[in-house]
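Read-outs: derived from the displayed coordinates by stated rules, not from any lab. As the structure is a computational prediction, the values presented were derived from the model and not from experiment. When we count neighbours, we look across all protein chains shown, and the Cβ atoms used for this are built from the backbone with ideal geometry, even at glycine.
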Amino acid sequence: MTRSRRLRPLHELAVEAEQAAGRSLADAERAVLEASQRLAQLEGYEADYRVALRDRAAAGIGAAGLRDYQAFLARLGEAVAHQQAALARVRQERDTARERWLQLNSRRRVVGKVIEQSVADDRRALDRREQRDSDERAQRSAGGSGSDDADCAAR
């Protein structure tokens, strides 16, 4: 079995690993997008409620209503902070997934190049073998013809 043929399963494994890492990277990208959208939504709610509080305060709001708005805004602020932390975490996971994919992509390309080189080496070896066989046949043919000529001249 040729070296290139022996390496093919390794290449298939490298391709599969790269594809799995690509799927993980795509999942991580989706998670970043979703976390970003959720953060934007929470920040929008927070901004809307701040405007509503300001408008209510200008129109005259009771102490209980003011406390309720402030408590709700505090909870929204906590939710925003938690979502910012979640976004930072999924971005880090995405960056890790990207690094993993880049490493596996590089490994797959290296294995592919090794196989290409092995195929070329195998071809050269086969060509040399065929040339050697052809040369040997030609020598035998030339040597065999020469002895036939000598046999005919001796007769």
- Zone residues, the range 119-133, relative to Q139, backbone N less than 19 Å from point 7 Å out along Cα-to-Cβ: 126-133
- Divide by every residue of the chain the summed helix terms, -39500 (n - 2.57) for each DSSP H run of at least 4, and state the resulting mean residue ellipticity at 222 nm, rounded to the nearest 500 deg cm²/dmol. -36500 deg cm²/dmol
- Message: Given all pairs of different Cα atoms, what value in angstroms does the Kirkwood hydrodynamic radius of the chain take?
- Response: 22.8 Å
- Can you grab the distance from the C-alpha centre of the range 4-63 to the C-alpha centre of the range 117-140, Å, no decimals? 59 Å
- Which of R124, R108, R30 moves the most in a Gaussian network model of the chain with Cα springs under 10 Å? R124
- Phi-derived 3J(HN,Hα) across the range 16-26 with the Karplus relation (6.51, -1.76, 1.60, θ = phi - 60°), rounded Hz, x for Gly and Pro, is 4, 5, 5, 5, 5, 5, x, 5, 5, 5, 4
- Query: Got a sec? How would V114, V32 order by Cβ neighbour count within 10 Å, fewest to most?
  - Reply: V114, V32
- Query: Among L53, V80, L104, which residue has its Cα positioned farthest towards the positive end of the charge dipole of the chain, with +1 placed on the Cβ of Lys and Arg, -1 on the Cβ of Asp and Glu, and the dipole taken about the Cα centre?
  - Reply: L53
- Could you list L126, L25 in order of exposure, starting from the residue whose Cβ has the fewest other Cβ atoms within 10 Å? L126, L25
- Item | the chain: most fluctuating residue of E78, E99, E136 per GNM, C-alpha cutoff 10 Å | E136
- Task: Return a whole-number percent for the relative contact order of the chain, with Cα pairs under 8 Å and 6 or more residues apart as the contact set.
- Result: 45 percent
- What list do you get for L76, L10 if you sort them by fewest beta carbons within 10 Å? L10, L76
- Note on the structure: Longest principal axis of the chain (C-alpha) makes with the long axis of helix 63-154 (C-alpha) an angle, in degrees to the nearest 10, of 0 degrees
